[in-house]
Amino acid sequence: MTRGILYLTIHGPAFAERLAVSLYTLRQHYQGPVTILTDAAACPLAARIAADVQADIKTIEPFAGSKHAAYVTKTRMPAWSPYDDTLFLDADTIIAGPLDDLFGHPVTLTQFSTWISTGRKVSGRILWLKGKSPFVDRLIGTQLAKPHPAVNTGVMAWQRDKATEWLSLWNRISEANAGTFILDEVVAQCLSHLPGVRILSDRYNASPIYSEQGPDVKVWHFHGDKHWRKGQGRALWEPALRATLAANIGGIREWFGQHEKTTRGLTAGRFLD
């Protein structure tokens, strides 16, 4: 069985800095296969980064035709993954420890802090899909009948041959509801109680804002702009950025500050002094 890690970067180079940082930190803990899914708009910088971290590039055609289309594109990743056992990591992560525990199960989701499906924010998101189909309504009913861990799809894993039905549902329900914000995550939440799914703690997907900081964290996830605009996130991310600049991953010193809105106008030299 082939095993590897997948990234996705599309619709331009805005996430290139974060991708370089994530892959640099990944290579401190994992030396196995990595594939970056990308499109024509993001490919040039993604390819430079890939070359420096010994990753493969696979060009894909993103889902199009609706607002928030990128979220539906994420649900197509299983069809594009070259691996039998795939771990997906968002580009806005830094890797802080071994990732072996994430592999080896039909579907692995990761918890978001201590949030639950019956909480105000998560339950409200689930209800965006209410009334779309009787099947989805039954899923929603189960999620709201009692608390289930809230999940975040920035870190997730699957085994292609053992999760065919779950992965198909994730994609089909998402495509049927295209245009909904963070749709991949909302649908995954609705499906998170189905057989074959395990949910690991947020030490594999820790928020710098909502999670407990501690030595057991394996993956930090800087959802939104939490890597820069929030002090807790920046304290974690900036040292990794400095190390990535020092290693000049993907020639980042040349283009740092040109594409990422939160660092636009900054120079690499500021962080290398």
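The values are calculated or read from the model by the stated rules, or taken from the named source; none is laboratory data. Predicted, not measured: the structure shown is a model, and the values here were computed from it. Methodologically, a virtual Cβ is constructed for each residue, glycine included, from the backbone with ideal geometry; neighbour enumeration extends over all protein chains shown. Surface accessibility is based on the protein's heavy atoms, side chains included, excluding ligands, DNA and RNA. Shrake-Rupley method; radii C 1.70, N 1.55, O 1.52, S 1.80 Å.
If you average the sequence gap of Cα pairs under 8 Å that are 6 or more apart and divide by the length of the chain, what percent do you get for the contact order? Could the numbers behind the result be given before it?
Working: 521 pairs, mean separation 63.0, N = 273.
Computed value for the chain: 23 percent relative contact order.
Got a number for the accessible area of Lys261? Probe 1.4 Å, square angstrom, nearest 10.
Looks like 130 Å² after rounding.
Taking the inverse of the average 1/r across all pairs of different Cα atoms in the stretch 61-127, what Kirkwood radius in Å do you get?
15.0 Å
Taking the 0 to 90 degree range and rounding to the nearest ten, how far is the long axis of helix 16-26 tilted relative to the main principal axis of the chain, both from C-alpha atoms?
Between helix and principal axis, roughly 90 degrees.
Loop-only check: which GluC sites (Glu not before Pro) in the stretch 200-273 are DSSP coil with at most 16 other Cβ within 10 angstrom? Numbers along the way, then the final one.
Values: sites: Glu212, Glu254, Glu260; in loops: Glu212, Glu260.
Passing both the DSSP loop test and the Cβ count: Glu212.
Where a Cα-Cα gap under 19 Å defines reach, which aspartates and glutamates qualify for Lys130, not counting those fewer than 8 residues away within the same chain?
Answer for Lys130, where 19 Å is the Cα cut-off: Glu175, Asp184, Glu185, listed by chain and number.
If you average over every viewing direction, what projected area does the convex hull of the Cα atoms of the chain give, in nm²? Walk me through the intermediate numbers first.
Working: hull surface 54.3 nm².
Orientation-averaged projected area of the Cα hull: 13.6 nm².
Report ³J(HN,Hα) in whole Hz for each residue of the stretch 140-149, in order, from the Karplus equation J = 6.51 cos²θ - 1.76 cosθ + 1.60 where θ = phi - 60°; Gly and Pro get x.
So the Karplus estimates, Gly and Pro as x, are 4, x, 5, 5, 9, 6, 7, x, 10, x Hz.
Along the Cα-to-Cβ line of Lys162, 7 Å from the Cα, sits a label point; which residues in the stretch 49-91 have backbone N less than 15 Å from it?
84-87
What number comes out for accessible area per residue over the stretch 130-175 if the probe is 1.4 Å? Units Å², please. Display every interim value, and only then the final one.
Details: 2220 Å² over 46 residues.
Result: 48 Å² per residue.
Probe radius 1.4 Å, ligands and nucleic acids ignored: give me the carbon and sulfur share of the accessible area of the stretch 9-104 as a rounded percent. Present the calculation step by step, with values, prior to reporting the outcome.
Details: 1900 of 3540 Å².
Exposed carbon and sulfur together represent 54 percent of the surface.
Roughly what angle does helix 43-52 make with the longest principal axis of the chain, taking Cα atoms, 0 to 90 degrees, to the nearest 10?
Compared with the principal axis, the helix lies near 70 degrees.
Only Cα pairs under 8 Å and at least 6 apart count here; give the relative contact order of the stretch 1-142 as a rounded whole percent.
Relative contact order, the stretch 1-142: 28 percent.
The stretch 58-201: D in µm²/s via Stokes-Einstein (Kirkwood Rh, Cα pairs, 20 °C, 1.002 mPa s)? It would help to have the intermediate numbers written out before the result.
Numbers: Rh = 15.5 Å.
Here the translational diffusion coefficient equals 138 µm²/s.
For the stretch 178-273, with all protein chains present and a 1.4 Å probe, just round the carbon and sulfur fraction of the accessible area to a whole percent.
Numbers: 1950 of 4150 Å².
Carbon and sulfur: 47 percent of the exposed surface of the stretch 178-273.
For the stretch 1-134, what does the equivalent ellipsoid look like in terms of its semi-axes, each the square root of 5 times an eigenvalue of the Cα gyration tensor, given largest first in whole Å? Walk me through the numbers on the way to the answer.
Values: eigenvalues 142, 78, 45 Å².
Each semi-axis is √(5λ); the values are 27, 20, 15 Å.
How large is the accessible surface per residue of the stretch 1-101, computed with a 1.4 Å probe and reported in Å² as a whole number?
Values: 3840 Å² over 101 residues.
Solvent-accessible surface per residue comes out at 38 Å².
If you count only protein heavy atoms and use a 1.4 Å probe, how large is the accessible surface of Asp84, to the nearest 10 Å²?
Estimated to the nearest 10 Å², Asp84 gives 40 Å².
With all protein chains present, calculate the accessible area of Leu266 using a 1.4 Å probe and round the result to the nearest 10 Å².
40 Å²
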